[in-house]
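> What follows is a structure written as structure tokens; I'll ask about it next.
The values are calculated or read from the model by the stated rules, or taken from the named source; none is laboratory data. The structure displayed is predicted, hence computed values, not measured ones. Positions of Cβ are backbone-derived with ideal geometry, glycine not excepted, and every protein chain shown enters the neighbour counts.
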Amino acid sequence: MGRCQKKGAFMEFGMFHEFPPVPEKREAEAFAEALAQVEAADRWGLDAMWLAELHGAPDRSVLSAPLLIASAIAVKTKRIKIGIAVQVLPLCHPLRLAEEAATVDQLSHGRLIFGVGRSGVLRTYEDYGVPYDESRERFAETLDILARAWTQPSFSYEGKYYRFKDVTAVPKPYQQPYPPIRIAGTSADTFPRIGKRGLPVFVAVRHGSFSDLVPSIRAYREAYREAGHQGRGQVYLRVPAFVADGDSRAKGEARDSIMGFFRYQAALAKDSAARAGGPTAADRIRRAERLEKLTYEEALRNQILVGSPASFAARLREVEEELGLDGVLLELNCGGHIPHAGVVNAIRLVCHEIMPRFR
């Protein structure tokens, strides 16, 4: 048996979706194409579909309301898990969020996975009138309120930003005590905090290599273990990816879209650095400069998964073993410029030719 066919622990396969616009067409076509891809993924057996939350970026995405899209997916599909990756908690009213997420969980009969995070896009915080400096505390308060709203008949809460007295959230989630929660980790100090909470973590390689994630994952798992939680802590990797019927075809079809996305991320990091100022600005500038200099060949070696089913699976196995992964969120249209037919074919190949090698 070849290395890429090694049987091991179950690995979850999901697609990370941004619902990109379709060039020269109405927004309605963007929703139609994306939902058709979701239905194909459900039909072919993909484990999960992950929905982004993006605001004020019409050239990138029409997906600003992931829970509304999750409701549509809940009634259009039969078995696929519906993940949010991620709901930006500091921008949400916690009581309304608790009710809306529980509604999706009810409509899907318990298929919701609730991914949460803070996001590093400062422009969005300015647009919503929320100071980014408050994001960490707002995130923690909202997460605590969600747990109370979902598990208690009524509750009261006294925090710095939110106060409730004897309120009731309706409905309660279908899953008990509530949907699985996963948290996105980006900054170094975030990973031990997530590990201490005992929750699964999302990691990503948009700004660095696979190997760059090793110290953060180690810190997460050390904190997880020291807090007395069972197991080692689950890690899920969001990664730019594409698969086609041959290596050269996959690399050729994905190149412009993926590299355009990295350049977009560089510009976004510079914009956030200018808005943030202070000690974090220099780190954002360094990340931006790295992405500006990144070549496609370097990306293929170090931070994306692109190839035929066989080579894709072999490289994924190496990354799985290096990082200790429990699942992947494959960005199968990273950059949003891969035609619909190519994305659908990539979903088919993942489901039929790659997933079986990890089961």
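> Given the residues Glu353, Glu331, which is the only one that is in contact with a Pro (Cβ under 8 Å, 6 or more places away or on another chain), within 25 Å of Val86 (Cα to Cα) and either modelled with pLDDT of 95 or more or of a type in the set (Val, Ile, Thr) (or both)? Spell out the reasoning first.
Details: Glu353 fails: within 25 Å of Val86 (Cα to Cα).
So the residue among Glu353, Glu331 that is in contact with a Pro (Cβ under 8 Å, 6 or more places away or on another chain), within 25 Å of Val86 (Cα to Cα) and either modelled with pLDDT of 95 or more or of a type in the set (Val, Ile, Thr) (or both) is Glu331.
> Return yes when Arg111 is modelled with pLDDT of 95 or more, over 18 Å from Ala149 (Cα atoms) and in contact with a strand residue (DSSP E or B) (Cβ under 7 Å, 6 or more places away or on another chain) and no when it is not.
Numbers: modelled with pLDDT of 95 or more: yes; over 18 Å from Ala149 (Cα atoms): yes; in contact with a strand residue (DSSP E or B) (Cβ under 7 Å, 6 or more places away or on another chain): yes.
Taking the combined requirement at face value, the residue satisfies it.
> Out of (1) over 28 Å from Tyr132 (Cα atoms); (2) among the small types (Gly, Ala, Ser); (3) surrounded by 19 or more Cβ atoms within 10 Å (Cβ to Cβ), the odd one out for Ala223 is which?
It is condition (1) that Ala223 fails.
> I'd like to know if region 82-101 contains one or more residues that are more than 19 Å from Tyr174 (Cα to Cα), over 19 Å from the mean Cα position of the chain (by Cα) and at pLDDT 95 or above.
The answer is yes, given that some residue of region 82-101 is more than 19 Å from Tyr174 (Cα to Cα), over 19 Å from the mean Cα position of the chain (by Cα) and at pLDDT 95 or above.
> Here's another thing I want to ask about it. Name, by its number, the condition in (1) β-branched (Val, Ile, Thr); (2) assigned to a helix (DSSP H, G or I); (3) closer than 22 Å to Val203 by Cα that does not hold for Thr103.
Every listed condition holds for Thr103 apart from (3).
> Return the residue satisfying two criteria in turn: it lies in region 22-68 and is among the small types (Gly, Ala, Ser) and without any contact (Cβ under 8 Å) to a residue 60 or more places away in the chain, and of such residues it is farthest from Val350 (Cα to Cα).
It comes out as Ala57.
> Could you list, in sequence order, the residues of region 48-92 that are within 15 Å of Phe16 (Cβ to Cβ), part of a loop (DSSP other than H, G, I, E, B) and in contact with a Lys or Arg (Cβ under 8 Å, 6 or more places away or on another chain)?
Narrowing region 48-92 to residues within 15 Å of Phe16 (Cβ to Cβ): 48-54, 60-61, 63, 66, 69-70, 73, 80-87.
Checking the rest, the ones that are also part of a loop (DSSP other than H, G, I, E, B) come to 52-54, 60-61, 63, 80.
Across region 48-92, the qualifying residues are Leu54, Ile80.
> Are any residues in region 87-112 more than 30 Å from Ala274 (Cβ to Cβ), crowded, with 23+ Cβ neighbours inside 10 Å and among the hydrophobic types (A, V, I, L, M, F, W, C), and if so, which ones?
Selection gives Ala98, Ala101, Ala102, Val104, Leu112.
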